[in-house]
Ligand SMILES: NC(=O)c1ccc[n+]([C@@H]2O[C@H](COP(=O)([O-])OP(=O)(O)OC[C@H]3O[C@@H](n4cnc5c(N)ncnc54)[C@H](OP(=O)(O)O)[C@@H]3O)[C@@H](O)[C@H]2O)c1
């Protein structure tokens, strides 16, 4: 176990999806608000280190400035074209990633998705805080925030309205004892 704080950051539809089923028709840049992107940028820069899955990286395909990005993949060779030192492609487990970061003095990480990576860290009880931005959008079908059974409790610490349309960021902290 490390003492790195893990903060899961996600934008969600009202009905609990992080991406619509038809991503071609509704790319992530069109359903999330400008204010959510600015909020995400502020939060992730303040934390400094991001962990994400290869499928999420494929939607960005670049290093985001002023952040270290750790991309989880079992196919590191596919990403040899990306030589930016702020991008690390790894097949390590969540525990190994966190332990190596702790050895380098990292104190906190932003867990940036997608569903597979969020679920992996949640299943291993590694998530301390959630920052969920709810966009006033309904998809009906899509990729859920988590894709396995989980049993963890959180308490709402604060909420912040990001724009007039009602995009709201909810900050939750994990309750350890039941
Ligand atoms: N709304 C939001 O805030 C938000 C945030 C992030 C993403 N998203 C959306 O979520 C979708 C992607 O989510 P997703 O669940 O399909 O994929 P994902 O979690 O982004 O990435 C899954 C990939 O991560 C790698 N991986 C998973 N477990 C691993 C392990 N134990 N060790 C090493 N690598 C591992 C595998 O890569 P390889 O196949 O390369 O081995 C796997 O295919 C996209 O549509 C994206 O736009 C939304």
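All of the numbers you see were taken from the coordinates with simple rules; none came from a lab. Values in this document were obtained by computation on a predicted structure and should not be read as measured data. Positions of Cβ are generated from backbone atoms using ideal geometry, with glycine treated the same way; all protein chains shown enter the neighbour counts.
Annotations for the structure displayed:
- Qualifying residue in segment 108-119 (condition: under 16 Å from residue 43 (Cα atoms) and more than 14 Å from the ligand (Cβ to nearest atom)): yes
- Filtered residue count, segment 88-107, keeping only those that are over 20 Å from residue 64 (Cβ atoms) and either in a loop (DSSP other than H, G, I, E, B) or within 11 Å of the ligand (Cβ to nearest atom) (or both): 7
- Filter result (more than 9 Å from the ligand (Cβ to nearest atom) and either without any contact (Cβ under 8 Å) to a residue 12 or more places away in the chain or part of a strand (DSSP E or B) (or both)) within segment 120-133: 129, 130, 131
- Qualifying residue in segment 78-87 (condition: in contact with a helix residue (DSSP H, G or I) (Cβ under 9 Å, 6 or more places away or on another chain) and within 12 Å of the ligand (Cβ to nearest atom)): yes
- Qualifying residue in segment 37-51 (condition: within 9 Å of the ligand (Cβ to nearest atom), over 12 Å from the mean Cα position of the chain (by Cα) and outside any loop (DSSP other than H, G, I, E, B)): no
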